[in-house]
Structures are given as C-alpha cells and as structure tokens.
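Step one of this worksheet: look at the structure below.
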4 protein chains.
Amino acid sequence: MKITTVKTYEAMSELAAATILSKMTADRRVNCALTAGSTPKKAYELVISRMKNNNCSNFHVYTFDGAPYEGSDHTSTYLEMKKMFFDPANIKEENIHEITMENFATFDQKIEDAGGLDLMVIGLGSDGHFCGNMPKTTDFDSLSYEVEIKPEYPWYDVFVDMYNGYGQAVPKSFVTMGPLSVLKAKEVLLIVNGSNKAEALAKMLKGPLTEDFPASALRLHSNITVIADEEAAKLIS
Amino acid sequence: MKITTVKTYEAMSELAAATILSKMTADRRVNCALTAGSTPKKAYELVISRMKNNNCSNFHVYTFDGAPYEGSDHTSTYLEMKKMFFDPANIKEENIHEITMENFATFDQKIEDAGGLDLMVIGLGSDGHFCGNMPKTTDFDSLSYEVEIKPEYPWYDVFVDMYNGYGQAVPKSFVTMGPLSVLKAKEVLLIVNGSNKAEALAKMLKGPLTEDFPASALRLHSNITVIADEEAAKLIS
Amino acid sequence: MKITTVKTYEAMSELAAATILSKMTADRRVNCALTAGSTPKKAYELVISRMKNNNCSNFHVYTFDGAPYEGSDHTSTYLEMKKMFFDPANIKEENIHEITMENFATFDQKIEDAGGLDLMVIGLGSDGHFCGNMPKTTDFDSLSYEVEIKPEYPWYDVFVDMYNGYGQAVPKSFVTMGPLSVLKAKEVLLIVNGSNKAEALAKMLKGPLTEDFPASALRLHSNITVIADEEAAKLIS
Amino acid sequence: MKITTVKTYEAMSELAAATILSKMTADRRVNCALTAGSTPKKAYELVISRMKNNNCSNFHVYTFDGAPYEGSDHTSTYLEMKKMFFDPANIKEENIHEITMENFATFDQKIEDAGGLDLMVIGLGSDGHFCGNMPKTTDFDSLSYEVEIKPEYPWYDVFVDMYNGYGQAVPKSFVTMGPLSVLKAKEVLLIVNGSNKAEALAKMLKGPLTEDFPASALRLHSNITVIADEEAAKLIS
C-alpha cells in the first residue's frame, strides 16, 4: 500500500484524475470500475474537462455495486454515474458495464473474459465499508454477491435516508463486487477526504484485520494506492 | 498506437503530466525514462506542483541519451533534467539512473534487472529522430549504443549550435537507448506540439517504415500513446 | 530474444509443451494462438497426455491463419488443429476462436477485447514466413489481413501441392494475423527443428530486417523465446 | 484460485516442472521463489534434466525462508536447495538470492527493486503452514519477518526432530517471507501430494479464513494455481 497525502480535496482530485486520465489515453483496452458518491465528483469534472470530445473507445467502465431503482431498468449507482460521469464524458453505451440484480453472479467472469479490471477507483465509508461490502454482511472470501438490507444492520438507516431522498421504499437487497473481486483488480485507487473519514482511514491502516471493518482487507491488496487530503490523514501522520 | 489530439500545448501537458503522476503515486517500484527538451517543460511543472513534498521513493527515473559536458561528470541531458525536473521534484540521487559514455553497453541489462521500463516519455524530432536515434545513424536492431557526431550527418549543425550555446566544442560522440530499448518499454508516451512538428508526425504515422526516418519504428510498439496539440496534428486529421 | 537450444525434436517439444501447460493451469483466462503444422505435433501430444480430463475453462485458443476448405464452414487450419489438438485436448467449442475469411478485419479487436494474446506459439518457414506472412506479400505495419494466392509468388507451388493433397482447387486467398498482431502478443514462442530450417533461423537472427524475409521482424518483439533443436541451430552456434 | 488434480505425484511433478521451465526459457529476467522439501523433488529433477547445460542467466531464484545452520554462513533452506536444485541446475551464484537472519527486513524491498516475484512455488504443511508462516506465529499483515522457535508452539517438535537430524541444537528463531510477501507475488503455484495432506488442502479451501490455519490466506491471492495428486485431493472432489 502506498499512501500519498495532499493538502486539499482539490489536490486529491487532481491526482485521482491523473490516474483515470492515464487509462483513458492508453493504447489498449482498459477496464475501470469507478465509484459513485461525492468523493470523486471533482476528479470526474477534471477528467471530463480534459478529455471531452476525444475518442476513448478503448476505455471501458464498470459499476461495482447498485440497488434497484423504481421506474428504471438500471441500478441507482448506474443512474448516478450516468449523470455525473458517463454522459458528460461521452462514454459510449457499449463501453459501460453495469452490475445488476440479475447479472451479479456472472459479473466477475464477465470481467475476467474482458482481461480483468485494470483499475478500481473506490472510496472509504466512515463505517469501514468499501464498495457495498458493509459491516455485518461482508465475507472476505466473496466474489460479487447480493446483500440483504435488514433493519438489524448498523447501516440500515443510511439506506432508509437515501431511498427517502429518492421518494422510494428501501429495496430488499442490493448487489456488490466482493472483497475477492477487489483483490483481483490489477490496481486499486482509494480516495479519501475530510475529517469525518480520519478515524476510518486510521482503522483501515492499523486496526484489526476483520470482516467487521471490511476495508481492513484492502491492506492485503498487492497494488493499492491511497490518496488522502490532510483532514482525512490527520490521524495517520 | 493510440492518438489523442487536444487543442493546446497546455492541454497536451496536462495529459502527459497525468500519465507521469499516475506512476509517481503507484504502489510499487516504477521505472520511467523521461525526455529532456522544451516539449515536456510544462508537463514537468504540473507534476512538480502537484507532487512536491511527497515521498516518491518508488519512482525511479532514467535518462535515455546524453553527450559529454566539459567540466562535469554528468551528461548534458542529465544536467538539463536535473535542473528542469530531478531537483524541483525532489527525486533522490539513488532513484536517478543516468546513461553515460561509460555504462551504455550494460544499461539495458541494468534496466532489465530492475524490472524493465514501465514508461518512456519521449518527443519527436522534426527530422524524425526519437531519443538519440538520428537519420543516417539508426539501426532498428539496436539496444543502447554510441553515436559518432560527424559533419556529414544532416543533424551535425544542430549539435554545433547546441554546444556553441554551451560555449563548448562539439564532442565526438554521444550515447542513446536504441530502437530495441524503446520497443521493450512496457508503455511509451510520445508528446508532440507545434506546427513545426506536423510534417514529422504525419510521416511517422503514414510514411515508409525506414531507418532514414527513425520514428517510423514507433508504429511497431505494442503499447504507445501519442498526445499531440492541434497544430502538430493538423496534417493527420 | 532468448534462444534455447536442445539436442532433439523431443527435447524441443518438451519445452514447448511446458510453456503451453503453464498457461493451461493458470488461475485466470489465458489467450493462446497456436500453430498448426508438423513442428508442434509432439508438443501437443505431451500437453494432451498430461492435461487430459482436466477442466481448462480458462484456456482459450486462437487460430492465426487459415484458408477456405471446400465442404466446410471452417478454415483448413481450424480443421487441422481440431484433429491434432482441440478435440484430443477437450477444448470446448466456446473457447476456440477461429480467424476466418469473414471476421479477419475485426479479429485483432476481438482479441483486444478479451485481454490480448498471452502467448503465440509459432513456427518458422524455410522461406522466412511466420503465420501467413509470406515473402512478397508482407507489410510489417499490418494487423490481420487477407492475402491473395497468385502464381507469381514464390510460395504459390506450396499451396498448389497442399490443396492437391486435399483434392481441392487452390483458393484465391487466405487470411492471417499480421506482423503487428504478433508484435502485440505478450509472449511469443517460436519453435524450430530440423536442418532444413537452419538457414532460415540464421537469417531470421542475423540477416537484414526486411519484409522480403518476414520473420526478421520477430527480432523487434519485446518478449520472444526461440526453442530450437541442434540441427536447426547448427548455423547460429 | 484454480485447482488441477492429477492422478499421481509424477503427474503433479510434470505440471509443476512445466511452470518452472516456462520461466527459465523466458526472454526477460524472471524472479522465482522456490520451495525446499520433499514435495518438489521430482519436479526439480525434471527441470534439471530438460534444461541442463542451457544458459538461464535470466532466471533468478529466491529462498523464502531459512534458519541458521551451524558451521555455515548459509541457512538450512539454502543448503538444501543448493544440493537439490541450484547446483545440478547450474544456477549461477549471482542469480541466487537468499533470505537470511540478517537481510530479511529489507528482503521484500530487494525483490521489489528487481521487479517483483514472477512466481512462487510453495508447498502446504499438514498443519496449515506455508513458507515459514506457522500456526500461532502468523500475522496476515506481515512482510518478511523473524519467527521465534518456542516449546509452546505446536510445531516445535518438528524443528527439534529436524535439527536432531542435522546433529545440531534447535536455533532460537528463523526467518520467512510473510503472507503479504506471498500476496504480492504475481503468480503462486501450490503443489500438494499424498493423503497426509488431504485434510489440510480441504481446510485451506473451505475452512475458516484464520491466522490459526495460515494457508487459508492463500484464498485471497489474485493468481494462484493448485496442483494436487488424487490422494491429496480426495476430500475436495
């Protein structure tokens, strides 16, 4: 694991954008799984402004988690990524690969058949989740799987709030690439910003290796870069 | 070969900087051969401003050509790179690997023993040279080699002017990594800007494959990205 | 280029079989283009006897050239490989990828979309051809292409004899992966045996780099292993 | 993880030898960590008989564990490997890299600076150990480390017997590459034979992921091949 700490969210976004851009200009097919959420927002804006109007037919994107969204055939994650990145970056439909409630069981094989993931860009939850690998439901041995959304889980309320925000009922389950899927990616880029992530980052790096804090598994990845702003890194100096 | 065309020198520099930055933040040793000259100047400035003060002990740099420089143990290329990039980017001495008049015959093996070059960033001469592979002296079959500087070569006057600028006599020879050395690099990034390079870029892409125009060999590289500004790309639309 | 010389055809076959077996047991999808002809016969027998009855769903095979064969939807090369290797090795239909008169123009992209070729096992023609890259019709800059079969070519009679052997008329053309396709393969294994190949091997290694002797281009590959028996290697000691 | 099951120890040895041979004939530096012990004995014999007298200057070997051996500057593992493989395979001194009581703390960096391990060939202990990662002393987060040999450990008697066999006192500690070192290797080949390993193999594959059974961590490797004979595989059909 290599950790780079920079002063600001903007500086973090510049370095994250650099890694994504380096894949978009590559002279061969590149498969990247990209995170949704607020952390990568600025990085995607930088990527879009620098690559806009350029042919990136070599660049394939994968969503790595998602839940059903009423009134759409797509997952919530896909819809968010479409708005935030796929559309403004002009990624063609045939270069977008969505994990869904229907295809998750064969998603890892599909990735394998396309040469594997060259890059995953992921974030870190303050509760230690990464992708949809949540406390209480994570098994380090898993490839992509379905996760039930139950009131007894500590993260249930987050899903309630999110789906309330959509004006929808909480679905019964969602899907995610598992820890093993992530360990198989050739390169992982973890981006972390803000003081509310400081404790999680410290725990990820130095806490026990346990499924109760899923991101601790990332320590076992053979090629993982962490880019953090100073606030997120304040407990690991 | 993948070609990305952007509007300006600044935009080209942003994409070149991205590829270099993605190597500097990597979680493993990365070996990069970086070009001197005016083309990469802005890219290096961007890299320096974004990575300054960060530990990049994983990042190793190689010079790929050089001529003797009076009063110094180093080559002209090393001295230029030291000023333009190595010093301001805080690259440690032990991470800098210089090709010299003395070590060129074992330089490729030295690179091989460090895991090979992950990236070469090179420019394109308007006469078709790349690295120090010049018209009239290039053999596609060569690893690193020594090149005599003789008045009968079409590029002799360029060397005269350059050494006059230094207030020195033209040396008898210089060294360079050869076409085979470049073909062995895992990834090549060729950056080209300005209308004075437009003809050379067009010839590199569509002209005959010949040692008289050394850069035509780059078409045979298995993983090469070209980033050009609009002026340089005006003949290849 | 790395050259390993062994005493006999059997010893050459053992080493060639080793490289193929190491791909079949791999823990990820592996794409291999395999040559037909007499040279690899013993190597395939060794592979078959050692892997028979094992699941190799990760192992994908590609044919790299082929001509129409009357009465079949498949090429001559496919039919030969089916008998010599695909069937006895229990390679499943969905893991076999045939270059055809119809798909050759998109064959390289298809390979790219599957992660690229991990290995090509090829032979050397005594006239310097490799795959279907023949004297007089080879362009080093080509990906997969169609080759006309014309009486003026020096190799025309070989095709006449071959198709006479099938009891068929010589077809008008065939298809082959090109020199660029081969340069893109991550690893190339060239197997050569017999004194009738000795001159070709010497020329490939030390003769001029020219499209008139297509195999000279293999010197430019970044990762190529040659395994030769003593008879084939007798001029290169 | 990919598992290949073959009938006999000899058949297992053939496939293991194939993977090693494919590295020895490679056209670039290859770094392989190779296990001592009885399991690989036949595989090494096959490798030696097929490559003997060939130049393998590209092939570098690493020991991955070792204990002091009285009267020698080398570890017990090195001495065993020297006799069983390094000498009969004509591996040159400069291509042999020994982990020692003195250098273990910098051994992973040394490997990294040589481009990383391309292959590790390891065995499986019936108590679940791999390399020197033993029950009670293994931390999944470790690179190379020193292990104390104490009477309270379940494997203490094994060491006593081994050193009695040498006519020496049991040393206080030994060194080993850690689980993280192994997870960083690009490819791992685990060879297992004999019914006395059947329970361990089943546990490794399906038992809990726990430091009490160190080999369970191998499930998290992104590229690992298991080759087992039928006796070792009898509980995992």
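The values are calculated or read from the model by the stated rules, or taken from the named source; none is laboratory data. Please read these numbers as outputs of a predicted model, since none were measured by experiment. Positions of Cβ are generated from backbone atoms using ideal geometry, with glycine treated the same way; all protein chains shown enter the neighbour counts. We work out accessible area using only protein heavy atoms, side chains counted, and drop any ligands, DNA or RNA first. Shrake-Rupley method; radii C 1.70, N 1.55, O 1.52, S 1.80 Å.
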Practice item. Distance check, please: which entries in A:K2/A:K82; C:K184/D:K92; D:K2/D:K203 exceed 24 angstrom between their Cα atoms? Key: A:K2/A:K82; C:K184/D:K92
Study note, to complete from the structure: Summing -39500 (n - 2.57) over every DSSP H run of at least 4 residues in chain D and dividing by its residue count gives a helix-only mean residue ellipticity at 222 nm, to the nearest 500 deg cm²/dmol, of -8500 deg cm²/dmol
Point to revise | Peptide-level mean, for A:46-54, of C-beta atoms on other protein chains within 10 Å | key: 3
Study note, to complete from the structure: Copies of C:V158 compared via label points 7 Å along Cα→Cβ give distances in nm, shortest first, of 4.1, 5.7, 6.4
Review point. Which loop GluC sites (Glu not before Pro) in region C:3-76, with loop taken from DSSP, have no more than 13 other Cβ atoms within 10 angstrom of their Cβ?
Key: C:E70
Practice item. Quickly work out the C:K206-to-C:M101 label distance, labels modelled 7 Å from Cα along the C-beta direction, and quote it in nm with one decimal. Key: 4.3
Revision key, fill the gap. Quarter of the surface of the C-alpha convex hull for region A:120-204, i.e. direction-averaged projected area in nm², equals 6.1
Exercise for review: Using a 10 Å cut-off on Cβ to Cβ distances, tally the other chain neighbours for every residue of A:209-220 and report the average as a whole number.
Suggested key: 2
Point to revise | Of all accessible heavy-atom area on chain C, the percent that carbon and sulfur account for (1.4 Å) | key: 48
Review point. How big is the shadow of the Cα convex hull of region B:1-126, averaged over all directions, in nm²?
Key: 8.7
Review point. Could you give, in nm with one decimal, how far A:E146 is from each other copy of that position, shortest first, with labels 7 Å out from Cα toward Cβ?
Key: 4.9, 5.3, 7.2
Check your understanding: Per residue of D:2-10, how many C-beta atoms from partner chains lie within 10 Å of its own C-beta, taken as a mean?
Key -> 4
Exercise for review: Just grab the label-to-label distance for C:N90 and A:I48, each label 7 Å out from Cα along the Cβ direction, in nm (one decimal).
Suggested key: 5.2
Check your understanding: In debye to the nearest 20, how big a dipole does region C:189-237 give about its Cα centre with +1 on each Lys and Arg Cβ and -1 on each Asp and Glu Cβ?
Key -> 120
Review point. Chain pair A, C: how much accessible area is buried, both chains summed, with a 1.4 Å probe, in Å² to 100?
Key: 600
Study note, to complete from the structure: Expected response for nearest chain D Cβ to the D-A rotation axis, distance in whole Å, is D:L220, 3
Review point. Heavy-atom accessible surface, probe 1.4 Å, ligands and DNA/RNA ignored: which residues of region B:166-183 lose at least 10 Å² versus the isolated chain?
Key: B:L180, B:L183
Point to revise | Space enclosed by the convex hull of the alpha-carbon atoms of region A:157-237, per residue, Å³ | key: 128
Review point. So which GluC sites (Glu not before Pro) in region D:127-228 are both in a DSSP loop and have at most 11 other Cβ atoms within 10 Å of their Cβ?
Key: D:E152
Revision key, fill the gap. Taking a ≥ b ≥ c as the square roots of the Cα gyration tensor eigenvalues, with a/c under 1.5 meaning rounded and otherwise prolate when a/b beats b/c or oblate if not, region A:2-229 comes out rounded
Point to revise | Local net charge near C:T225, Cβ-Cβ under 9 Å (Lys/Arg +1, Asp/Glu -1) | key: -1
Study note, to complete from the structure: Rounded to the nearest Å, the spacing of the alpha-carbon centers of region A:164-237 and region B:1-66 is 28
Exercise for review: Could you state the accessible area per residue of the protein assembly as shown in Å², with a 1.4 Å probe and every protein chain left in place?
Suggested key: 39
Check your understanding: Within straight cross-link reach of B:K136, meaning Cα distance under 20 Å, which aspartates and glutamates are found once same-chain residues fewer than 8 apart are removed?
Key -> B:D65, B:D127, B:E146, B:E148, B:E152, B:D157, B:D161, B:E199, B:E211, B:D212
Point to revise | Local electrostatic count at A:L119 - Lys and Arg +1, Asp and Glu -1, tallied over other residues with Cβ under 11 Å | key: 0
Exercise for review: Can you pull a Stokes-Einstein diffusion coefficient for region A:157-204 at 37 °C (0.692 mPa s), Rh from Kirkwood over Cα pairs, as a whole number of µm²/s?
Suggested key: 235
**Study point:** Within region C:2-229, percent of DSSP bridges classed antiparallel, to nearest 5
**Key:** 25
Review point. If you take the Cα Rg of the protein assembly as shown and divide it by 2.2 N^0.38 Å, with N the number of residues, what do you get?
Key: 0.96
Review point. Which order do A:I20, C:I48 take by accessible area at a 1.4 Å probe, largest first?
Key: C:I48, A:I20
